[in-house]
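Here is the structure we will look at.
The values are calculated or read from the model by the stated rules, or taken from the named source; none is laboratory data. Here the structure is a predicted model, which means the values were calculated and not measured. A quick note on method: Cβ atoms are made from the backbone with ideal geometry, for glycine too, and the neighbour counts reach across all protein chains shown.
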Amino acid sequence: MAHDGLPPLRDVIARNDLSAKKKFGQNFLFDLNLTGRIARAAAPLEDATVIEIGPGPGGLTRALLFNGTKNLIVIERDPRCQPVLAEISDHYPGCLHVIDGDALNVDVTTLGPAPRKIVANLPYNIGTLLLINWLEKIDDFASLTLMFQKEVAERVVAKPRSKAYGRLSVLCQYLCHCDIQFDVHRSAFTPPPKVTSAVVQLIPKADRGTEINIKSLAIVTQAAFGQRRKMLRASLKSLNIDVLALLAQANIAETSRAEELSVEDFVRLTQLYDALEK
Ligand code: SAM
């Protein structure tokens, strides 16, 4: 038995013939100390609706329940995992609710009462897409604690003038306080992925200073970073507005490049873009 009173994860996998499948982005975590560390990074868990995407054989699920989660909703696409999740549910009566489906089709903001926390070791092939979807409704969450490939986690927290700084950095950092909690070596996973992973945490900002339309920020950053090597006077042409007037009003040199602009610069550009669009 493991310390939570359930069978060791490796036995569970063998008994249920749960070999990892690439098409589901499956890289499982067996180390209960590590999954415990991820769960504790999202604490306190007791009074939240905790949502886990892709529980798989349940390593992180078990850690979330062991660390006090009373209302855990998990969404898993691989039907082979259902019997294992049912076993965990029996061990924690009333605490675990399993959705058998594709997380891309679930509006998680409709699940459970607030405060909602997402905690997940994300399937690497859809991780960024899921994050961008959640950002659109970020104020419906208390926190997101997410395992990504380290390269994606670095993009979330990147600062201007760095290679990793881009659209994802601006969107995340305008909306949230973003921190990398810790790295996870590839050897911690079965099978090991090619690269190091990292757990990143996003906590929505209570006060963003200037409120802007997120869809417009997405459009402006898409244009600017879509051609990141070009000067803004060229890259922003796709916005179909008077770019030189926009940059002059925002007090930004027309020869600047996207990676030189701060999050605040993008907020100002977005405000003016919306005003010029009307
Ligand atoms: N949480 C487990 C762990 O840490 O060991 C598994 C993590 S594994 C990286 C990703 C999990 O997401 C897999 O169980 C996979 O089947 C599941 N998954 C992949 N695509 C999904 C989707 N679109 N919706 C829900 N779950 C998905």
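For every residue, the table says whether it meets (1) touching a Lys or Arg at 6+ places or on another chain (Cβ under 8 Å); (2) within 16 Å of the ligand (Cβ to nearest atom).
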| residue | (1), (2) |
| --- | --- |
| Asn71 | no, no |
| Val74 | no, yes |
| Glu87 | no, yes |
| Pro93 | no, no |
| Ile118 | no, yes |
| Thr128 | no, yes |
| Ile132 | no, yes |
| Leu135 | no, no |
| Ser143 | yes, no |
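In the set Leu168, Leu232, only one residue is within 26 Å of Leu111 (Cβ to Cβ) and surrounded by 19 or more Cβ atoms within 10 Å (Cβ to Cβ); that residue is Leu168.
Look at Gln82 and say whether it is within 13 Å of the ligand (Cβ to nearest atom), surrounded by fewer than 20 Cβ atoms within 10 Å (Cβ to Cβ) and not small (Gly, Ala, Ser). Judged against the criteria, Gln82 is a match.
Only residues that are in a loop (DSSP other than H, G, I, E, B) and either surrounded by fewer than 16 Cβ atoms within 10 Å (Cβ to Cβ) or at pLDDT below 95 (or both) were counted across segment 94-105, and they come to 3. The set of residues in segment 107-136 being surrounded by 16 or more Cβ atoms within 10 Å (Cβ to Cβ) and in a loop (DSSP other than H, G, I, E, B) consists of Leu111, Gly112, Leu122, Pro123, Tyr124, Ile126. Residue selection: Ala86 satisfies the criterion of being over 22 Å from the mean Cα position of the chain (by Cα) and on the phi < 0 side of the Ramachandran plot. So is Gly59 within 12 Å of the ligand (Cβ to nearest atom) and within 17 Å of the chain's Cα centre (by Cα) or not? Taking the combined requirement at face value, the residue does not satisfy it. Pull out all pairs, ordered by first then second residue, where Cβ-Cβ is under 8 Å, the residues are six or more apart or on different chains, the first lies in segment 139-151 and is in a loop (DSSP other than H, G, I, E, B), and the second is crowded, with 18+ Cβ neighbours inside 10 Å. Note: pairs meeting the criteria are Phe141/Arg116; Phe141/Lys117; Phe141/Ile118; Phe141/Trp134; Ala142/Ala48; Ala142/Arg116; Ala142/Lys117.
The residues listed here are Ala153, Ala142; of these, the one that is assigned by TED's automatic domain parsing to the domain that holds Glu76, of a type in the set (Gly, Ala, Ser) and surrounded by fewer than 19 Cβ atoms within 10 Å (Cβ to Cβ) is Ala142.
Among all residues of segment 35-50, there is at least one that is within 9 Å of the ligand (Cβ to nearest atom), assigned by TED's automatic domain parsing to the domain that holds Leu131, at pLDDT 95 or above and in contact with a strand residue (DSSP E or B) (Cβ under 9 Å, 6 or more places away or on another chain). On the given criteria, is Phe30 surrounded by fewer than 20 Cβ atoms within 10 Å (Cβ to Cβ), within 12 Å of the ligand (Cβ to nearest atom) and within 20 Å of the chain's Cα centre (by Cα)? For Phe30, the condition - surrounded by fewer than 20 Cβ atoms within 10 Å (Cβ to Cβ), within 12 Å of the ligand (Cβ to nearest atom) and within 20 Å of the chain's Cα centre (by Cα) - is not met. Restricting attention to segment 1-23, the residues that are in contact with a Pro (Cβ under 7 Å, 6 or more places away or on another chain) and either surrounded by fewer than 17 Cβ atoms within 10 Å (Cβ to Cβ) or charged (D, E, K, R) (or both) add up to 4.
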